[in-house]
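Below is one structure; the comments refer to it alone.
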Amino acid sequence: MGEKQARNTQEWSVSLAKGPQPENSKRKPGAVGLGRAKVTINDIARLSGVSKKTVSRVINNSPQVREETRKKVKAIILEHGFTPDPQARALALRRSYLVGMIYDNPSPQYIVNMQRGILDVLSDTSYQLVLRPCDRTDYDFYEKIETFITLQKPYGVILTPSVSEDEDLANMLREMKCDYVRIASVELDKPTKMVRTHDFKGAAQAAQHIASLGHERIAHIHGPNTFRSAHQRRHGFEHGLEICGLKLAKSLTLEGAYTFDSGYECAQKLFAMKSPPTAVFAGNDEMAVGVYQAARQVGMQVPKDITIVGFDDTPVASRVWPPMTTVRLPIRDMGRAAASLLLNPHDEDRPENFKDGEIISFEPELIVRGSTARISKK
């Protein structure tokens, strides 16, 4: 494709209303035409008195446009019936208007909340979200992702834990010149490529809360060892207990899979012990609900007989009975931040609350509800 042709394909265009037009609607020299004439992004910029980049920001719902300017540009766009042509721009960029979300997290609530956050940013733009579930343990994991990128040619991808923690995958995406943003519990990349969560701090808060209620025989069901978040949460929990003069016993530490079934099975083992724990901290809410189920099956009441704490504060935490005490991570906000960062990687385009040169991060918050109580004296 020649340079001139490539430039032409970059201009978003659309045919305006068809059909017969009044006599006085004939286009004057130098004016934007009606009928079958095409309006380009350059025309909208000229009529609005702003740059083409500003028009692009308005179209993509960038937060870095003054409200007065946004309204003015949108009015011009509406007046002239301009609609971005995603196919033309995709041809120019040699990539599609798709944003991929690559994930291997087994928690459906986590994935749904993340999708909603991403879609909050993509709505009112030409971008569409495409999901790519995967399994890092597959022998052809990298080959499958490479094929996905090659065929779909996404504008960029958002990587959630634990896929985000895979450095070989990040290197492959760089080599393929595919933009990405990683969401992880540790700092893995430069600020324009990262959204960080502080899982360690949240788990420490959970430990201190449980200890403050007088519990000493405390169990922890952590996530898969392949997830850094599982390690961060376990280490944070151990740290919180140490602050309170307690130690997490190895016999009371079990590995789950971030699923309801794994939480249930681990809890069955804990409650079958001669001296079962009086409190359980599960690495996510899905597993914590499994602990609820196992407790009820052996006749234990929550929180009278067993204190339970989860992590993430997904919708299920407030829907079980009694409502679950958990550590809140603003998953939907994290999805919004990742999508905004992917579309607007430069400091000048980023939202005001994202400081220049700093990694976007989210602090956890302990949400105390009805599943925790002071230990019963028998």
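The values are calculated or read from the model by the stated rules, or taken from the named source; none is laboratory data. Quick caveat: nothing in here was measured; it's all calculated off a predicted structure. Cβ: placed from backbone, ideal geometry, glycine included. Neighbour counts: every protein chain shown.
Some observations on this one:
- Pair list, Cβ < 6 Å and 6+ apart or interchain, from the range 210-233 residues that are free of Cβ contacts under 8 Å to residues at least 60 places away in the same chain and not assigned by TED's automatic domain parsing to the domain that holds R182 to residues that are outside any loop (DSSP other than H, G, I, E, B) and buried (at least 16 other Cβ atoms within 10 Å of the Cβ): A230/H222; Q232/D199; Q232/F200
- Within the range 261-277, tally of residues that are surrounded by fewer than 21 Cβ atoms within 10 Å (Cβ to Cβ), assigned to a loop (DSSP other than H, G, I, E, B) and either in contact with a His (Cβ under 6 Å, 6 or more places away or on another chain) or not basic (K, R) (or both): 4
- Note on the range 278-329: residues that are under 25 Å from the mean Cα position of the chain (by Cα), in a loop (DSSP other than H, G, I, E, B) and crowded, with 24+ Cβ neighbours inside 10 Å amount to 6.
- Top-ranked residue in the range 239-268 [being out of contact with any Cys (no Cβ under 7 Å at 6 or more places or on another chain) and among the small types (G, A, S); ranked as nearest to A203 (Cα to Cα)]: G240
- The number of residues in the range 245-292 being of a type in the set (S, T, Y) and farther than 26 Å from R319 by Cβ comes to 3.
- Residue that is surrounded by the fewest Cβ atoms within 10 Å (Cβ to Cβ) [pool: residues in the range 123-140 that are within 21 Å of G223 (Cα to Cα) and either modelled with pLDDT of 90 or more or not assigned by TED's automatic domain parsing to the domain that holds P108 (or both)]: P133
- Hey, I149 modelled with pLDDT under 95, over 19 Å from the mean Cα position of the chain (by Cα), surrounded by 17 or more Cβ atoms within 10 Å (Cβ to Cβ) and of a type in the set (V, I, T) or not: yes
Residue-by-condition table, conditions (1) buried (at least 23 other Cβ atoms within 10 Å of the Cβ); (2) in contact with a strand residue (DSSP E or B) (Cβ under 7 Å, 6 or more places away or on another chain):
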residue: H222; (1), (2): yes, yes
residue: R228; (1), (2): no, yes
residue: H231; (1), (2): no, no
residue: F237; (1), (2): yes, yes
residue: K247; (1), (2): no, no
residue: L254; (1), (2): no, yes
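- Residues of the range 105-127 satisfying the condition of being more than 17 Å from S229 (Cβ to Cβ), outside any helix (DSSP H, G or I) and not polar (S, T, N, Q): D124, Y127
- In the range 142-167, the residues that are under 26 Å from N225 (Cβ atoms) form Cβ pairs under 7 Å with partners that are polar (S, T, N, Q), at six or more places apart or across chains, as follows: T160/N105; P161/N105; P161/S185; P161/S229; S162/T226.
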